[in-house]
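The values are calculated or read from the model by the stated rules, or taken from the named source; none is laboratory data. From a predicted model like this one, the values you see are computed outputs, not experimental measurements. Here the Cβ positions follow ideal geometry from the backbone for every residue, glycine too, while neighbour counts run over all protein chains shown.
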Amino acid sequence: MKRMVGAGLVLAGLLMGATAAQADDTKVAIGISGWTGFGPLTLAKEVGIFKKHGLDVTLPKIPQASRSLAMASGSIQCAATTVETWIVWNANGVPAREIVQLDKSYGADGIVARGDIKTIKDLKGKAVAASSPGTTPYFTLAWFLNANGMTLKDVKVVNLEPGPAAQAFLAGQNDAAVTYEPYLSAVRDKPDAGHILATTLDYPMILDTLGCTPKFLDDNPTAAKALVDSYFEALDYIKANEKKSFEIMGADVKQSGDEFADSAKYLRWADRASNTTFFGSEFGKFSDTAADLLIQVGTISDKPDMKMLFDPRPLGLK
């Protein structure tokens, strides 16, 4: 009888411990899009890496143009987006801090165009589909044009998100479109519709990071570090289980594992060493250049406090 009571107490203790552990899971919503580079976040959720690190993560897909509103409202605490986007959000009164670099585009973002458009300068006067001001595709178009002595005033911008922009282009609409993987590969696969005019291999300027609100980072330092550690563990998981990983990440963006692998060829995920190098040197210079261009095109009127764009604590940097 004593053994039964003792066993019951042990079982009750285990159940209470499990319940306590579950209750301790920090809830965090990370706003993302169906961009290939964000795949490791999906993987970390699906294979239990976030859970292992004490995180209860949801990954709502929110258009980039609406992600800052979701963060400002408190419906998400963190988001994945490009470096220049954090500048826009902070300049527009939505404070947020980057905590880890996720990826760098190596041809995964670009402009597709009709066959008679051979160079960026040939876009003059043409209709180019791109997302709204404050988004990465809009900034990409501005960057590519600026590098060729042009401005957004030289083209007719048609505001379409990356997926619809690629679909419209394939359907014969507009002269060109700014999009990214996996949508960019849809054009690669149908050369009769047009061709890829330029990508981030020609103009390396798409750098993705994960960031959170200052309140979340201050209130949950352990969870913030767990987010970073989970991301790096997901990269290790990909190396050890590549086929399975690509299938899981591909399913989230309606691709097969092989299709996702093809899309992923055009980017590089950033490991811990890459992050240390990036935030130690490249980050500040790129952010300043990006902010200057954002002011030039009228997306922001003034630079935010550039020193407040990055929180080094979750990465363990000073």
Quiz item: For the stretch 100-109, does any single residue satisfy the condition of being more than 30 Å from residue 190 (Cα to Cα) and modelled with pLDDT of 95 or more?
Solution: yes
Self-check item: Positions within the stretch 33-56 being of a type in the set (Val, Ile, Thr) and buried (at least 24 other Cβ atoms within 10 Å of the Cβ), in sequence order
Solution: 36
Quiz item: For the stretch 58-73, what are the residues that are outside any helix (DSSP H, G or I) and free of Cβ contacts under 8 Å to residues at least 40 places away in the same chain?
Solution: 58, 59, 60, 61, 62
Quiz item: Quick one: in the stretch 227-256, which of the residues that are within 17 Å of the chain's Cα centre (by Cα) and among the aliphatic types (A, V, I, L, M) is surrounded by the most Cβ atoms within 10 Å (Cβ to Cβ)?
Solution: 227
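One line per residue, one yes/no per condition, for (1) closer than 25 Å to residue 93 by Cβ; (2) among the aromatic types (Phe, Trp, Tyr); (3) touching a Leu at 6+ places or on another chain (Cβ under 7 Å); (4) not assigned by TED's automatic domain parsing to the domain that holds residue 161:
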| residue | (1), (2), (3), (4) |
| --- | --- |
| 174 | no, no, no, no |
| 180 | no, yes, no, no |
| 194 | no, no, no, no |
| 211 | yes, no, no, yes |
| 214 | yes, no, no, yes |
Exercise. Taking only the stretch 142-156 into account, find how many residues are crowded, with 18+ Cβ neighbours inside 10 Å and out of contact with any Ser or Thr (no Cβ under 9 Å at 6 or more places or on another chain).
Key: 4
Quiz item: What's the number of the condition residue 40 fails, among (1) in a helix (DSSP H, G or I); (2) of a type outside the set (Ser, Thr, Tyr); (3) at pLDDT 95 or above; (4) closer than 26 Å to residue 293 by Cβ?
Solution: (4)
Quiz item: What number of residues in the stretch 185-195 are touching a helix residue (DSSP H, G or I) at 6+ places or on another chain (Cβ under 9 Å), in a loop (DSSP other than H, G, I, E, B) and not basic (Lys, Arg)?
Solution: 2
Quiz prompt | Failed item, numbered, when residue 198 is tested on (1) assigned to a strand (DSSP E or B); (2) within 19 Å of the chain's Cα centre (by Cα); (3) more than 23 Å from residue 89 (Cα to Cα) | solution = (2)
Exercise. Take residue 259 and decide whether it is at pLDDT 95 or above, within 20 Å of the chain's Cα centre (by Cα), closer than 23 Å to residue 106 by Cβ and acidic (Asp, Glu).
Key: no
Practice problem: Return a yes/no flag: does the stretch 172-184 have any residue that is in a helix (DSSP H, G or I), at pLDDT below 95 and either within 30 Å of residue 307 (Cα to Cα) or among the aliphatic types (A, V, I, L, M) (or both). | Solution: yes
Exercise. Could you run through the stretch 268-294 and say how many residues are assigned to a helix (DSSP H, G or I), farther than 16 Å from residue 144 by Cα and of a type outside the set (Phe, Trp, Tyr)?
Key: 13
Quiz item: Quick one: residue 67 ticks every box in (1) surrounded by fewer than 18 Cβ atoms within 10 Å (Cβ to Cβ); (2) within 17 Å of residue 29 (Cβ to Cβ); (3) modelled with pLDDT under 95 bar one, so which box is it?
Solution: (1)
Quiz item: Pick from the stretch 81-125 the residues that are outside any helix (DSSP H, G or I) and of a type in the set (S, T, N, Q): which of them is nearest to the chain's Cα centre (by Cα)?
Solution: 81
